[in-house]
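Comments concern the structure below.
The values are calculated or read from the model by the stated rules, or taken from the named source; none is laboratory data. Computed from a predicted structure; not experimentally measured. Cβ atoms come from the backbone with ideal geometry, glycine included; neighbour counts cover every protein chain shown. To get the accessible areas, we keep the full protein, side chains included, count just its heavy atoms, and leave off ligands, DNA and RNA. Shrake-Rupley method; radii C 1.70, N 1.55, O 1.52, S 1.80 Å.
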Amino acid sequence: MAFVTQNLIQKFHEDGFLVLERFFTVEECDSMRNQIQRVIAEMEVPPHCRTEFSTKEEEQLQAQGSSDYFLTSGDKIRFFFEKGVLDEKGNFLIAKEKSISKIGHALHAYDPVFKQITHSSKVQELGRKLGLERPVIVQSMYIFKQPGIGGEVTPHQDATFLYTEPLGRVLGFWIALEDATQENGCLWFIPGSHTSGITRRMVRAPPGTSTCVEFVGSEMTYDDNRFVPVPISKGGLILIHGEVVHKSELNRSEFSRHAFTFHVMEAKDTSWSKENWLQPTPELPFPSLYT
């Protein structure tokens with residue numbers, strides 16, 4: 001892990017993201033992929049919970065906002081599906097393991113394999129090199145990006161969904177469990193876009209509203225030419241600043257693009273917004289990254 005030099009950390013602060021190839025071994029990646037297959041095999045999805053995951057604002061409000069299933073998933077392991085994989089009765093039109101968009105949001109707390117990866121000595125050491133004093137894990141997700149149907153993720157900043165005061169206290173760890181290429185939907189970033197705050201927040205709606213969450217402000221329109229593709233090999237880690245603008249395209253290839261991602265907050269002198277969709281619970285306070 002000695003390869004994370006101060007120069008690289010400086011580059012992270014300049015760009016708002018950092019690519020660390022071969023951070024995890026092929027074996028570690030395969031252990032996560034095998035474990036998620038076991039999770040899917042045991043999956044029971046109540047039909048009323050079959051939430052399709054989307055990042056387009058109206059669909060997001062409709063699918064997630066009217067759904068307690070999403071809002072109360074912070075301390076559980078729950079399943080979200082791609083568009084068009086369920087019929088109107090909530091039955092699968094394709095194999096269930098090919099229909100899942102993501103599994104979230106507490107794999108880091110309740111699944112032994114993902115817990116071990118999240119708290120691995122490599123990750124803890126990286127946290128220390130980044131100067132994190134009291135990092136806590138706020139959420140985790142397994143993202144499938146299914147072949148041919150893995151939907152685009154529109155340009156966004158993670159702090160829109162995970163807001164802190166002050167800003168700049170949330171950091172994403174994005175682990176490629178398969179090669180991520182331009183064909184199968186790798187991430188794209190606008191380098192240096194993490195320094196001008198955020199323009200949009202997703203907040204819990206007041207009780208009695210038709211949706212559980214609403215957006216305040218609006219996403220800026222970004223010039224497509226400013227985005228740079230960030231392909232990465234299996235086992236690579238991308239560090240993502242909470243305010244850097246990033247996106248991914250539709251997966252048009254015949255290969256999936258599995259990733260495991262988790263978000264860490266520097267808890268020292270930071271307040272987590274009570275309006276965020278995700279809240280710590282008595283069952284699962286945000287666990288410390290350092291063990």
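On full extension of the chain, what length is gained from Ser210 through Ser288, given 0.36 nm per residue of separation minus the C-alpha to C-alpha distance?
Values: separation 78, 0.36 × 78 = 28.08 nm, distance 3.51 nm.
So the chain would gain 24.6 nm between Ser210 and Ser288.
Please work out the average accessible area per residue across the stretch 191-237, using the 1.4 Å probe convention, and give it in Å².
Numbers: 2520 Å² over 47 residues.
Spelled out: the 1.4 Å probe surface of the stretch 191-237, per residue, equals 54 Å².
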Legend entry - Top of His105, His13, His263 by mean-square fluctuation, Gaussian network on the chain, Cα under 10 Å: His13
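Rolling a 1.4 angstrom probe over the protein heavy atoms, how many square angstrom per residue are accessible across the stretch 241-291?
Values: 2190 Å² over 51 residues.
Value for the stretch 241-291: 43 Å² per residue.
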Legend entry - Semi-axis lengths (Å, descending) of the ellipsoid that matches the C-alpha gyration tensor of the stretch 141-209: 26, 18, 12
Legend entry - Longest DSSP-loop-exposure-free segment, trypsin sites (Lys or Arg not before Pro), the chain, at most 16 other Cβ within 10 Å: 90-251
Inset, instruction - Determine which lysines satisfy two conditions relative to Lys83: a Cα distance under 28 Å, and not lying fewer than 8 residues away in the same chain. - result: Lys56, Lys96, Lys98, Lys102, Lys145, Lys234, Lys247
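Of the heavy-atom accessible surface of the chain (probe 1.4 angstrom), what whole percent is carbon and sulfur?
Numbers: 6680 of 12910 Å².
That fraction is 52 percent.
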Legend entry - Value of Rg/Rh across the chain [Cα atoms, Kirkwood radius]: 0.93
Legend entry - ³J(HN,Hα) computed for each position of the stretch 195-204 - Karplus, 6.51 cos²θ - 1.76 cosθ + 1.60, integer Hz, glycine/proline x: 10, 10, x, 10, 10, 8, 10, 9, 10, 5
